[in-house]
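**Student:** My questions all concern the structure below.
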Amino acid sequence: MKRVQFSRPLFPYLLLVPQLSIILIFFYWPAAEAIRSSFYLEDPFGFSSTYVGFENYHNAVTGSEYGNIARFTLVFTGLVAFFSLSLALLLAAKADAVIRGAKSYRIFLMWVYAVAPPVAGLMGILLFDQSLGPLTHLAEFFGWDLRLGVNYWDTATAMIVISVWKQVPINFIFFLAGLQSIPRSVREAAIIDDPSSVSRFFSITFPLLAPTAFFLLIINITYALFDTFGVIDIVLKGEPGNNPITLVYKVFLDGFRGNDLGGSSAQSVILMVLVLILTVFQFRFMERRVHYS
């Protein structure tokens, strides 16, 4: 392979400066500031700060409210990732088999991806509206008195449904691309070996999608942990009360509503460490089951 030669030795480093500057300013600097602030009890206006050591971490971890929110975040993340991937894989498999009107069918499934999370949350509120929402009327048909913003689990259900609806299109795009990249000869041989479409999918097709599925698993967990903030904020209308919230939203509430900058910084550091551990676990243990060839 031919190596690229630069006439000036500093030129390639100058090309890296914009990207490195963005990473430094918008990631490393805020992360370092959050770690520093987590050891202080700070005045919300920035006039004074008192060093308290690990007191902010101790208050966060030992609080019963934080434990309940952490458990809900775990359940919320698992359900959003599972249903987003499952529904997208099902739709991709069906779309891959469509012959007539395939482009229209795919566009119809993918358009939601262009909707921003806050807009998706607003549309979800309209769907779950107490008097006009079609999903609320559908729940009433089955005897479910769904009350968004009043009942804890009803609100949680709405948050999960809206978050899944927002994430399915991007998973659909990747799964469909993965299915279409499988050689036709492999599909024809699979039909001869196994006439059952369901058995053939799980024994032959799905293992070939393992790299795509592993990538999407990481993306969906990250999405459920962080990118659902806009959906949750719109659904709760900025007044969580006794409704469910995630760890990321609690960082926002404590920092910007409660003016507890040190406590919210400690929570953000804890969340960052948990995500790091989860990522290492995924790549060290789960990726062993993924075959790229």
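**Student:** Carbon and sulfur atoms: what percent of the 1.4 Å accessible area of the chain do they account for?
**Tutor:** The computed percentage sits at 68.
**Student:** Report the net charge of residues surrounding SER265, where surrounding means a beta-carbon distance below 10 angstrom and charges are Lys +1, Arg +1, Asp -1, Glu -1. Walk me through the numbers before you get to the answer.
**Tutor:** Details: positive: ARG36; negative: GLU33, GLU42, ASP254, ASP260.
My count for the surroundings of SER265 gives -3.
**Student:** Which is the longest part of the chain that has none of the chymotrypsin sites (Phe, Trp or Tyr not before Pro) sitting in a DSSP loop with at most 12 other Cβ atoms within 10 Å? It would help to have the intermediate numbers written out before the result.
**Tutor:** Details: sites that count: PHE6, PHE45, PHE47, PHE54, PHE142, TRP144, TYR292.
The segment 145-291 is the longest one with no such site.
**Student:** Can you tell me the accessible area per residue over the chain, all protein chains present, probe 1.4 angstrom, in square angstrom? List each step's numbers first, then the result.
**Tutor:** Values: 18510 Å² over 293 residues.
Accessible area per residue: 63 Å².
**Student:** Something else about it: Compute the signed sum of charges (Lys and Arg +1, Asp and Glu -1) over the other residues within less than 12 Å, Cβ to Cβ, of ARG147.
**Tutor:** Details: positive: none; negative: ASP129, GLU140, ASP145, ASP154.
Value of the local net charge: -4.
**Student:** Report relative contact order for the chain in percent, whole number only (criteria: Cα-Cα under 8 Å, sequence separation at least 6). If you can, show how the numbers build up before the last one.
**Tutor:** Working: 287 pairs, mean separation 85.8, N = 293.
About 29 percent, as a whole number.
**Student:** Related question: Could you work out the local net charge near PRO117, counting Lys and Arg as +1, Asp and Glu as -1, over the other residues with Cβ closer than 11 Å to its Cβ?
**Tutor:** Values: positive: LYS166; negative: ASP227, ASP233.
It works out to a net charge of -1.
**Student:** Send over the Kirkwood Rh of the chain, from the inverse of the averaged 1/r over different Cα pairs, rounded to one decimal Å. Intermediate results must be reported in sequence, preceding the final value.
**Tutor:** Numbers: mean 1/r = 0.0446 Å⁻¹.
Computed over Cα pairs of the chain, the Kirkwood hydrodynamic radius comes out at 22.4 Å.
**Student:** How are the Cα pair distances of the range 151-293 distributed, in percent, across 5 Å bins from 0?
**Tutor:** For the range 151-293, the pair-distance distribution reads 2, 8, 14, 14, 15, 14, 11, 8, 6, 4, 3, 1, 0, 0.
The values are calculated or read from the model by the stated rules, or taken from the named source; none is laboratory data. All of these numbers come straight from a predicted model, not from anything done at the bench. Don't worry about glycine lacking a Cβ; one is built from the backbone with ideal geometry, like all the others, and counts go over all protein chains shown. Accessible surface areas use protein heavy atoms only, side chains included; no ligands, DNA or RNA. Shrake-Rupley method; radii C 1.70, N 1.55, O 1.52, S 1.80 Å.
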